[in-house]
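Asker: What follows is a structure written as structure tokens; I'll ask about it next.
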Amino acid sequence: MEIYGDYMGDQVCKIPILHNGPNDSRIWFHCPLGNYSTKSAYLWLSLRHVGLGPHRFFWRMVWKLQTLPKIRIFCWRIGHDILPTYEKICNIRRDFNSDCPRCGRDKETLIHALKDCLRARAVLMHGGLNSKLLDGSHYWGVDWIKKVARLLDLKALSDFITVLWNIWNSRNNKVFWNMEEDAKVTWERAAALSYDFRIFNLLNEPSLPKPDVNKGWRKPNQGMVKINFDAVVKDRKMSFGIIARDHDCFVLGRHAGVLNRNYNAEWAELYALEESIKLAWDNT
Ligand SMILES: [Zn+2]
């Protein structure tokens with residue numbers, strides 16, 4: 001109570017405890033597997049310092065949602081992928097079965113629990129949701145929410161997150177109390193939470209700006225790293241800059257320098273290329 005205050009402390013105390021759940025252990029919040037490494041700590045501290053990250057528009061949007069604080073926090077937890085799905089628990093406790101407790105058809109990842117599970121999909125479809133919001137396959141929940149936020153305005157997005165929050169609660173009712181509720185009940189509970197709930201449409205300005213397709217820099221594919229470099233020669237000196245970014249424009253490394261060398265432009269570019277290869281090599 002001293003740390004969290006009365007309200008949040010009370011909520012913590014009310015969290016149901018699984019009888020056959022994993023034992024408590026320390027988890028490093030900033031790594032998907034929960035393991036601490038100095039590299040991930042350095043990355044996290046750097047991000048805090050510069051205030052940028054792979055989902056910076058998403059984080060700004062979360063706190064603008066027109067909904068209850070607990071639902072904003074739920075959305076923030078989606079962004080960090082820290083909701084305790086069975087797949088998440090299985091990463092920490094290897095003998096844990098990661099199959100979905102509701103449909104049993106697939107591993108219960110976050111995207112499965114909120115979007116792909118038949119039970120979740122039934123709720124999302126109940127209110128006549130535009131099918132564009134459910135199209136495509138996503139690995140991370142945050143990528144799906146970002147896509148939806150590029151189609152919905154802030155009010156509709158707030159309602160959408162409220163529906164997801166209710167889907168997660170109905171999933172918890174099944175896991176902790178073995179109660180499975182009808183999709184209609186879950187949807188109507190979400191609608192009752194929002195004062196002027198409206199079915200999601202694609203008519204208004206989206207919450208997140210659409211990606212600028214005319215930008216000179218093009219993202220690499222998922223899982224790839226792209227290194228850009230350039231060099232300039234002036235007054236018998238050459239200078240170069242290198243930057244390595246992933247598919248989210250997240251900066252993974254950079255290097256720059258000035259040398260007293262009277263190269264021509266081609267040799268300067270070649271030098272920058274060599275330094276780029278070294279940067280890639282040093283970080284593999
Ligand atoms: Zn399922």
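The values are calculated or read from the model by the stated rules, or taken from the named source; none is laboratory data. Source: prediction; values computed, not measured. Neighbour counts are summed over all protein chains in view; Cβ atoms, including those assigned to glycine, are modelled from backbone coordinates with ideal geometry.
Asker: Just to be sure before I move on: is Ile111 over 19 Å from Leu208 (Cα atoms) and within 16 Å of the ligand (Cβ to nearest atom) in the structure I sent?
Answerer: Spelling it out, Ile111 is indeed over 19 Å from Leu208 (Cα atoms) and within 16 Å of the ligand (Cβ to nearest atom).
Asker: Which residue pairs have Cβ atoms closer than 7 Å, lie 6 or more positions apart in sequence or on different chains, and pair a first residue in the stretch 253-272 that is closer than 19 Å to Asn283 by Cβ with a second residue that is in a helix (DSSP H, G or I)?
Answerer: Gly253/Leu279; His255/Glu275; His255/Leu279
Asker: What about Leu65, is it assigned to a loop (DSSP other than H, G, I, E, B) and at pLDDT below 85?
Answerer: no
Asker: If you don't mind, there's one more thing I want to ask. Can you tell me which of (1) at pLDDT below 90; (2) within 15 Å of the ligand (Cβ to nearest atom) is the one Ala120 doesn't meet?
Answerer: So Ala120 meets the others, but not (1).
Asker: Considering only the stretch 73-108, state which residues are within 14 Å of the ligand (Cβ to nearest atom), outside any loop (DSSP other than H, G, I, E, B) and buried (at least 17 other Cβ atoms within 10 Å of the Cβ).
Answerer: Those that are within 14 Å of the ligand (Cβ to nearest atom), outside any loop (DSSP other than H, G, I, E, B) and buried (at least 17 other Cβ atoms within 10 Å of the Cβ): Tyr86, Glu87.
Asker: Report yes if some residue within the stretch 246-253 is farther than 26 Å from Thr109 by Cα and in contact with a Phe, Trp or Tyr (Cβ under 6 Å, 6 or more places away or on another chain); otherwise report no.
Answerer: no
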